Each structure stands twice: as structure tokens, then as C-alpha cells.
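The values are calculated or read from the model by the stated rules, or taken from the named source; none is laboratory data. Keep in mind the model is a prediction, meaning the values are calculated, not measured. Note: ideal-geometry Cβ built from the backbone for every residue, glycine included; neighbour counts use all protein chains shown. What goes into the accessible areas is simple: the full protein's heavy atoms, side chains included, and nothing from ligands, DNA or RNA. Shrake-Rupley method; radii C 1.70, N 1.55, O 1.52, S 1.80 Å.
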Amino acid sequence: MNASKKTALVTGASSGIGRETAIKLAKKGFDVIAAARREKQLNSLADQFQNITPKQVDFSQSEQTEIFCQYLSELQDPVTVLVNNAGYSIRGALEDVSIDAIRRLFEVDLFALIRVTQACLPGMRKLRKGTIINLSSIVGKFTFPCSGVYAAAKYAVEGITDGLRLELAPFGIKVVAIRPGPIATEFNEVSNNLSGDLMTKTDPDYKPIYQTAGAATGKLFEGLSIPGPDLIADLILEAISSNTPEVAYSAGPLSDEFLRKRENLDDKNFHDFILKKFHLADLHI
Ligand SMILES: NC(=O)c1ccc[n+]([C@@H]2O[C@H](COP(=O)([O-])OP(=O)(O)OC[C@H]3O[C@@H](n4cnc5c(N)ncnc54)[C@H](OP(=O)(O)O)[C@@H]3O)[C@@H](O)[C@H]2O)c1
């Protein structure tokens with residue numbers, strides 16, 4: 001083991017927040033393992049930074065995740081900074097989302113995060129140091145209508161993050177949740193492609209719900225300027241650089257308004273706030 005080497009792993013490093021984070025860590029002198037499915041994007045990162053190692057893995061395939069974890073546990077210089085970032089969302093009323101699609105999403109957004117963390121922890125414990133950054137979302141704390149599946153995975157990420165932070169504190173291993181609001185990455189396009197045209201597949205019962213909530217969402221985003229992934233990558237770097245990071249960081253449009261409301265209102269009043277916000281309070285079908 002080389003004491004001066006600092007190894008970081010960023011999952012989902014082929015685009016968006018993960019890509020920006022991998023670049024910033026590489027510039028800071030970390031040896032960065034950049035993991036995702038798309039080899040071309042990972043290789044182009046490795047071409048630009050000799051301290052970035054591309055690793056192709058599809059986290060929806062548990063056998064591939066296991067092979068990747070085996071590689072992690074055999075590293076000579078163990079990962080001491082882990083950014084669990086790979087993830088995506090699907091939208092739709094629960095009845096419209098297939099159980100297979102839900103399982104796949106949980107495999108990537110939750111189970112792979114758990115397995116990769118398990119594979120990195122022995123190395124961190126041995127060194128008595130490490131930082132684990134888990135990408136949650138503002139919807140790790142509440143949900144929008146027709147977003148329950150994605151929110152459920154992020155609620156679970158919040159639970160895992162809180163549990164880890166407690167049990168790893170005695171080792172000096174830091175655990176942080178990042179809760180972005182909407183950020184301009186490939187995220188939205190991926191979600192649109194996977195969710196498909198909700199109106200064509202839904203039961204007529206749901207159409208007014210999609211229409212009403214969709215129009216309200218449009219209104220909510222009207223005039224908003226959506227920041228790029230740099231904003232979140234900077235927050236991640238801030239958390240990694242700090243000896244006493246916050247428990248959670250949030251940034252991006254809507255994050256302040258919605259997270260503050262979630263903190264300040266009781267469950268019933270928060271439910272009413274969201275219902276109104278999405279114009280569903282007076283919709284009776
Ligand atoms: N953008 C937002 O508005 C927003 C808001 C809140 C939270 N977040 C969270 O932030 C994280 C990063 O998202 P982003 O905005 O940067 O989106 P993005 O540009 O779509 O990046 C997602 C990354 O995850 C990887 N990924 C997806 N499925 C994978 C799989 N099966 N196996 C391995 N890697 C996979 C993708 O790589 P490949 O396609 O190459 O596999 C990509 O590198 C996610 O956890 C997301 O939930 C995003």
C-alpha cells in the first residue's frame with residue numbers, strides 16, 4: 001500500500017454529476033476509479049486524465065456488480081473516498097410502472113450502492129478513515145405525484161446513509177447525503193425515455209391526474225434556471241474536503257422551498273401543501 005495514494009471511486013461517472021465529480025477529484029490528485037456502463041465516455045475521461053481508471057459495469061446486473069466488488073476488495077490502495085452516484089428515475093402512477101422496472105431501478109439506485117459500500121468498507125476500516133457520499137435527492141425526503149418509485153429508492157438511500165453515519169462514526173469514517181434539486185444533466189432525458197408516453201399506456205382514470213400534475217409541474221419550472229452538474233460536484237468536493245462535513249447538503253432550484261416546508265410542516269399539512277402545489281386538491285374523478 002502506498003501511504004500517499006488517495007483512491008476515490010465515483011459510480012455513474014460517464015455523465016452529469018458523476019463525471020464532473022470525477023474530473024474535480026482527478027484535478028485534486030486523487031486516483032479515480034470511474035464506473036458506469038458506457039465505455040466510450042469513460043475512456044474519453046481516462047484519455048484526459050491519466051489518474052482516472054475507467055471501469056465498465058452495469059449495476060442492474062447483480063453478477064456484474066459482484067465482479068466489480070471483487071475488483072474493489074482486491075485493490076492494493078483501497079478506496080477511501082466513495083461517491084455513490086449512479087442512478088436514474090422512472091415516472092408514472094404506481095399502477096403504470098412494471099414490477100420488473102421497479103426491481104431494476106432498486107438494483108441500480110439502492111442495492112448496487114449497498115454492495116459497493118460493503119466492498120469498500122473493509123479497506124476504510126483498516127485505515128480508520130474514509131468518506132462516503134451518497135446521492136439522494138430532494139425527493140429523498142418527500143415525493144411528487146407519480147414519482148413514488150424513484151422517491152422510495154431515495155428514501156431508502158437516506159435510511160442507509162443515516163444508519164452508516166452512526167455505526168461508522170467511531171472509526172472516523174464520514175457519511176454524507178447529497179440532495180440535489182433539478183440539475184441539467186442527462187437525468188431528465190433518461191427518465192423520459194424509460195417512462196415512455198404516460199398518456200398512451202395509462203387507464204383513462206389516471207389521465208386527468210397526469211394532465212393536471214403535469215401542467216402544474218410545467219408551471220413550477222416556468223422561468224426557473226436549471227444549474228449544471230458543477231453546482232453539485234462542488235458541494236461533493238466541499239463535503240470531501242471538510243473534516244467535519246454536514247450530515248446532508250442540498251442545492252438546486254426548489255430545494256430550499258420544498259425541504260424547508262417538509263421540515264416545518266407536519267405530515268398532514270405537508271401532504272396538503274404538495275396536493276395544492278400540483279393542483280390535485282380540487283380534482284375529483
Ligand atoms: N439531475 C437531477 O435533476 C438530479 C436530482 C436529484 C438527484 N439526482 C441524482 O444524482 C445522481 C446522478 O444523476 P445525474 O443527474 O448526473 O444523471 P445522469 O447524467 O443521467 O448520470 C447518471 C449516471 O448513472 C449511471 N448509470 C445509470 N444506470 C446505470 C447502471 N445500470 N449501471 C451503471 N451505471 C449506471 C450513468 O452511466 P451509464 O448510462 O453510462 O451507465 C450515468 O453516468 C443520480 O443518483 C440521481 O438520482 C439527480
Once you have the Kirkwood Rh of the stretch 1-40 from its Cα pairs, apply Stokes-Einstein at 10 °C and 1.306 mPa s and quote D in µm²/s.
153 µm²/s
Divide by every residue of the chain the summed helix terms, -39500 (n - 2.57) for each DSSP H run of at least 4, and state the resulting mean residue ellipticity at 222 nm, rounded to the nearest 500 deg cm²/dmol.
-15000 deg cm²/dmol
DSSP loop (so not H, G, I, E, B), at most 15 other Cβ within 10 Å: list which GluC sites (Glu not before Pro) in the stretch 229-260 pass both filters.
Glu246
Binned Cα-Cα distances of the stretch 158-285, short to long, each 10 Å bin given as a whole percent
10, 28, 34, 21, 7, 1
Please list the radius of gyration and Dmax for the stretch 140-194, considering alpha-carbon atoms only, with Å as the unit.
14.2, 44
Could you tell me how many cubic angstrom of Cα convex hull volume the stretch 81-162 has per residue?
76 Å³
GNM on the chain, Cα springs under 10 Å; top mean-square fluctuation among Asn193, Asn134, Asn43 goes to Asn193
Using the Kirkwood formula over every pair of different C-alpha atoms, what hydrodynamic radius in Å results for the stretch 24-71?
11.2 Å
Between the residues Leu82, Thr65, Ser98, the Cα farthest towards the positive end of the dipole of the stretch 34-99, that dipole coming from +1 and -1 charges on the beta-carbon of Lys, Arg, Asp and Glu, is from Leu82
Options Ala251, Gly159, Phe187, ranked by Cα towards positive dipole end of the stretch 137-285, top entry (Cβ charges)
Gly159
Just the Cα atoms of the stretch 1-120: what Rg and Dmax do they give in Å?
14.9, 53
Classified through the alpha carbon gyration tensor (a ≥ b ≥ c as square roots of its eigenvalues; rounded if a/c is under 1.5, else prolate when a/b is larger than b/c, else oblate), the stretch 229-285 comes out prolate
Within the stretch 22-52, list the residues whose amide N lies under 15 Å from a label point set 7 Å along Cα→Cβ of Ser241.
22-30
Considering only protein heavy atoms, what is the solvent-accessible area of Glu189 at a probe of 1.4 Å, reported in Å² to the nearest 10?
120 Å²
Provide Rg and Dmax in Å for the stretch 196-271, with only Cα atoms included in the calculation.
17.7, 54
One computes Rg over Rh for the chain from alpha-carbon atoms, with the Kirkwood Rh, and obtains 0.98
With label points built 7 Å along Cα→Cβ from the Cα atoms of Lys40 and Lys28, find their separation and express it in nm.
3.1 nm
